[in-house]
1. With unit charges on the beta carbon (Lys/Arg positive, Asp/Glu negative), name the residue among Ala296, Gly332, Pro315 whose Cα is farthest towards the positive pole of the charge dipole of the range 249-336.
2. Where does the Debye-calculated log10 I(q)/I(0) of the range 75-118 sit at q = 0.18, 0.20, 0.23 Å⁻¹, using only Cα point scatterers of equal weight, no solvent?
3. Pairs of alpha-carbon atoms within less than 8 angstrom and 6+ residues apart define the contacts here; what relative contact order does the chain have, in percent?
4. For the pairs Lys204/Lys293; Lys202/Lys337; Lys212/Lys263; Lys150/Lys277; Lys53/Lys88, flag any whose C-alpha to C-alpha distance is greater than 28 Å.
5. With angles folded into 0 to 90 degrees, how steeply does helix 257-273 sit against the dominant principal axis of the chain? Use alpha carbons for both and round to 10.
6. Under a point spin-label approximation (7 Å from Cα along Cα-to-Cβ), what is the Asp307-Arg274 distance to one decimal in nm?
7. May I have the extent of the alpha carbons of the chain along their three principal axes, as whole Å values ordered from largest to smallest?
8. Using the Karplus equation 6.51 cos²θ - 1.76 cosθ + 1.60 (θ = phi - 60°), what ³J(HN,Hα) coupling, rounded to whole Hz, does each residue of the range 152-160 give in order, writing x for Gly and Pro?
Amino acid sequence: METLRLSTSDEDLRRAGGIIRAGSLVAFPTETVYGLGADALNAEAVASVYEAKGRPSDNPMIVHIADATDLYSLIKGGRSGISDVASKLMTNLWPGPLTMVFKKSSRVPDVTTGGLDTVAVRMPSNKTARRLIREAGRPIAAPSANLSGKPSPTTAEDVLEDMDGRIRAVIMGEQCDVGIESTVLDLTGDFPQILRPGMITKEKLSEVLGRKVYYDPSLLRSPGDDKADEEFKPKSPGMKYKHYSPDAKVRIIEGDEVDFADKAKEIGLEAKGRGEKVAILDYGRDASKAAKKLFADLRELDRQGYDLILIRALPSIGFGFSVMNRMLKSAGYDVVK
Ligand code: TXA
Ligand code: MG
């Protein structure tokens, strides 16, 4: 299949909306990462997303909406299914990189939610994304637009690297602002729980809600932790798969600038001795910069044939905790203290 390159013009977005309505796939920019979009209410279209990504089909998708009113028909109880907590978060943090998990309505096909009785919904702040959803005239189910297991794409070129020839169209938008995926917050339990950390931090959520918000305990796994695996079983099905991995081996190194440089040099020399090509990524202590660049850098280093990538650990607080979550996964939790 030839993959169309579409612009963000009104005409091209109208065309993209038509492609979604016809049951085909369109990759599009959001503020976090590029999404691979299908009509969320069309089971066949959604099933073809799994195929294009090479993704296990029990992995539920995020449903993207353009307006708060789009939420009502997707969740159990309709408008009255929106709790005070959800309502506060919608008012303060939507549109934006926050995904909320609700009990689903029967209108959402099982394949969209990987057979769960809940549905994850987000209203992106990216204008192109919202224009596309409105043009399509229906909610858009979209995982990140990468082949399963690869780092998420943050540019249209990175989407094409994985998806050219596999999908109908890509909207050639801008580089993503945030660079890592949205925060996923479960609102179906007794208290709100973060299933995947993102730019909307635990601290921010707690501040908006005026109450403590917790992480899914599986997110608190530290390297070499010897607690039973059962304790780290993530509630967000997607978190259990190998993720964000370039072909190169990744190692995280802790330490201040000098300490990091020393350790990276030592490990790097050893690897070079074995004939390996070694890259070093030091984003300092800047989580926003690291988030914006991490996935693009990992992909670029793969293109350049690196064997080993040494990344400096970020302070694991606030947004740094979220970016470290992606770094740790890409490294398979290999950390040099
Ligand atoms: O920023 C993002 O969220 C991007 C852009 C495209 O919006 N999308 C994204 O989708 O990252 P994906 O499929 O790569 O990740 C979706 C995550 C997975 O960890 C999945 O398990 C979780 O959301 N998820 C989806 N539906 C869920 C549900 N009903 N209950 C619990 N977790 C859910
Ligand atoms: Mg993904």
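1. Ala296
2. Each listed q maps to, in turn, -0.59, -0.70, -0.86.
3. On the way: 734 pairs, mean separation 67.8, N = 337.
20 percent.
4. Numbers: Lys204/Lys293 23 Å; Lys202/Lys337 25 Å; Lys212/Lys263 38 Å; Lys150/Lys277 20 Å; Lys53/Lys88 34 Å.
Checking Cα-Cα distances, Lys212/Lys263; Lys53/Lys88 exceed 28 Å.
5. So the inclination is approximately 80 degrees.
6. 0.7 nm
7. Ordered largest first, the chain gives principal extents of 58, 49, 31 Å.
8. Values per residue, Gly and Pro as x: 5, x, 10, 9, 5, 5, 5, 4, 5 Hz.
Each value in this text was obtained by applying a stated rule to the coordinates, not by laboratory testing. The shown structure was predicted, so the numbers you read here are calculated from the model rather than taken from an experiment. Positions of Cβ are backbone-derived with ideal geometry, glycine not excepted, and every protein chain shown enters the neighbour counts.
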